[in-house]
Amino acid sequence: PVGTDNYGKVQLEAMKAKGVDCSHVSVLEGKTAVTTVELVNGDRKFTAYDQGVLADFTLSDEELRFIAENHDVVVSDQWGKIAEYYPKLQKMGIPTAYDCSTRVSGPSALPVIPHTDYLFFSADDGDCRTLRELMKVLHSMGPKLVIAMLGEDGSLCFDGKDFHKYGIAPCDNVVDTLGAGDSYISGFLFGLIHGLSIEECMAKGAANATETLQYFGAW
């Protein structure tokens, strides 16, 4: 849902201009959810979050059917407030993806991991033995693929048997890192939907992330 404030109006108009189906976006009396972000040397720093009308967000059975019957994949993160619906969505046949950010072992992530087909998270230490062992544990909990986004070190994917590693798409003008991870995920999932190999999906993700790095406020 969005609120009845100007933020809600701007958001709806922007999505419609991009051709997004907004038929199931609710407009509720109150404030639209807002995250306050500061830009420090090109890197984003989250400083405040007001859930607004998102605080009481729920999905009806009709909305769940709309999601499952009209889309290729459902993706959310801990802020999306739909983790509790993942078991039902998965049973309805739609592939599920979840972004744990850096809180892969946190209380918001652990319950949803067994019901997630494609699990994404961010790590700062690069490709190392500890990371690979963690990815094996996460895969054993249910996901088909576990993908670690490693910033400048690229990304790593574990399919239950093999590790796949991919670097970055060079970026000559890094403006803002905000949204780069989200863009990687959307590029990767786009590749999966179109039947590409894991390496090709990782390449799509890297290219999409680099596109986002080049402009301001991409969230």
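Once you keep just the Cα pairs under 8 angstrom separated by 6 or more residues, what percentage relative contact order results for region 31-100? Once divided by the residue count of region 31-100, the mean separation gives 25 percent.
Does the chain classify as rounded, prolate or oblate by the C-alpha gyration tensor (a ≥ b ≥ c root eigenvalues; a/c under 1.5 gives rounded; else a/b over b/c gives prolate, otherwise oblate)? Taking the square roots of the gyration eigenvalues as a ≥ b ≥ c, the chain is oblate. Residues within the reach of a label modelled at Lys88 (point 7 angstrom out along Cα to beta-carbon, backbone nitrogen below 20 Å), restricted to region 48-64, are 54-64. To the nearest 10, the accessible area of Ser23 is 80 Å² with a 1.4 Å probe.
Multiplying the residue separation of Val27 and Asp125 by 0.36 nm and removing their Cα-Cα distance gives an extension gain of 31.1 nm. Region 158-216 and region 95-140 have Cα centres spaced 17 Å apart.
Ordered by solvent-accessible area of protein heavy atoms (1.4 Å probe), largest first, the residues Met15, Met149 come out as Met15, Met149.
Model label sites at Arg132 and Arg65, defined 7 Å from Cα along the beta-carbon direction, differ in position by 4.8 nm. Near Val175: Cβ cut-off under 13 Å, other residues only, Lys/Arg at +1 and Asp/Glu at -1. The net charge is -3. Computed over the alpha-carbon pairs of region 52-99, the distance histogram in 5 Å steps reads 5, 21, 34, 25, 12, 3, 0 percent, short to long. Across the protein chains, with a 1.4 Å probe defining accessible surface, the residues Leu110, Leu192, Leu150 rank Leu110, Leu192, Leu150 from largest area downward. For every other residue with a beta carbon closer than 14 angstrom to the beta carbon of Leu150, add +1 if it is Lys or Arg and -1 if Asp or Glu, then tell me the sum. Once all neighbours under 14 Å are counted, the net charge is -3. Taking the DSSP beta bridges with both ends in the chain, the antiparallel portion is around 50 percent. Ala14: net charge of surrounding residues, Cβ under 15 Å, Lys/Arg +1, Asp/Glu -1, itself excluded? Overall, the nearby charge balance is 0.
For a paramagnetic label modelled on Thr35 (point 7 Å from Cα along Cα→Cβ), amide N atoms under 18 Å away belong, within region 175-206, to 175-188.
Across the chain, the mean sequence separation of Cα contacts (distance under 8 Å, 6 or more residues apart), normalised by length, yields a relative contact order of 12 percent.
The values are calculated or read from the model by the stated rules, or taken from the named source; none is laboratory data. Note that the structure is a prediction, hence the values are computed from the model and not measured. Every residue, glycine among them, receives a Cβ derived from its backbone with ideal geometry; neighbour counts consider all protein chains shown. Heavy atoms of the whole protein, side chains included, go into the accessibility calculation; ligands, DNA and RNA do not. Shrake-Rupley method; radii C 1.70, N 1.55, O 1.52, S 1.80 Å.
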